[in-house]
Amino acid sequence: MGEEELITGLCEGNATAYNELVRLFADKVFNTSISILQNAEDAEDSVQEVFIEVFKSIHNFKGEAKLSTWIYRVTVIKALEFLRKKKRKKRFAIVQSLFGMESVLPETDMPHFYHPGVQLENKERSAVLFKAIDQLVDKQKTAFVLHKVEGLSYAEVAEIMKTTVPSVESLLFRAKQNLQKILKDYYDKNER
């Protein structure tokens with residue numbers, strides 16, 4: 001099924017087209033989501049939200065970009081929204097605990113995140129790297145994950161993020177600088 005045929009099928013509410021969409025993009029959406037969210041359960045929830053949003057909004061897809069670009073954009077937006085909601089819940093729980101309204105804070109951080117695509121011998125290094133990536137600001141994190149983890153070109157990242165290639169280059173440069181600093185601090189503390 002070609003892209004135009006897939007879009008037409010989705011617009012018509014065709015279940016076969018929706019199943020094809022999920023088959024084509026489920027792994028990419030999950031990998032991007034888990035790289036940003038760093039929690040498998042959260043990523044699975046986000047993936048569901050992405051496909052619901054794509055199915056509901058397919059009529060708004062104008063075809064100015066490739067379908068995959070639009071889906072990546074929806075994925076990034078949903079993952080970042082999920083992170084913001086989680087941070088708000090954490091802040092609210094902290095305020096509640098300060099006023100004695102709730103005694104238990106929700107668990108928000110996994111002690112070690114292991115990306116499912118990383119080979120066993122690299123799991124420890126991967127956990128350290130993803131913990132560092134999680135400390136980047138959203139735009140740097142998004143550009144880094146899309147380019148370095150998902151392997152997208154600068155042009156594709158720029159299209160997904162609705163920015164320019166020089167802007168993506170700048171975001172990646174700053175992300176690398178920040179990661180170097182974070183990782184240097186980590187290794188200085190833990191590898192001596």
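Those helices (runs of 4 or more DSSP H) of the range 118-191 in which at least 3 residues are among the basic types (Lys, Arg) and within 22 Å of SER33 (Cβ to Cβ), considering only elements entirely within it, cover 123-133.
Table: residues versus (1) under 17 Å from the mean Cα position of the chain (by Cα); (2) more than 14 Å from ASP138 (Cα to Cα); (3) modelled with pLDDT under 95.
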residue: MET161; (1), (2), (3): yes, no, yes
residue: PRO166; (1), (2), (3): no, yes, no
residue: GLU169; (1), (2), (3): no, yes, no
residue: LEU179; (1), (2), (3): no, no, yes
residue: LYS184; (1), (2), (3): no, yes, yes
residue: ASP188; (1), (2), (3): no, yes, yes
residue: GLU191; (1), (2), (3): no, yes, yes
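Taken together, VAL145, VAL149 contain a single residue that is at pLDDT below 90 and in contact with a Ser or Thr (Cβ under 6 Å, 6 or more places away or on another chain), which is VAL149.
Inside the range 136-192, can you point out the residues that are charged (D, E, K, R) and under 17 Å from VAL76 (Cα atoms)? Before you say what the answer is, go through the steps one by one.
We begin by selecting, within the range 136-192, every residue charged (D, E, K, R); these are 138-139, 141, 148, 150, 156, 159, 162, 169, 174, 176, 181, 184-185, 188-189, 191-192.
Result: ASP138, LYS139, LYS141, LYS148, GLU150, GLU156, GLU159, LYS162.
The values are calculated or read from the model by the stated rules, or taken from the named source; none is laboratory data. Since this is a predicted model, take the numbers as computed values, not measurements. All Cβ positions, even for glycine, are placed from backbone atoms using ideal geometry, and neighbour counts span all protein chains on display.
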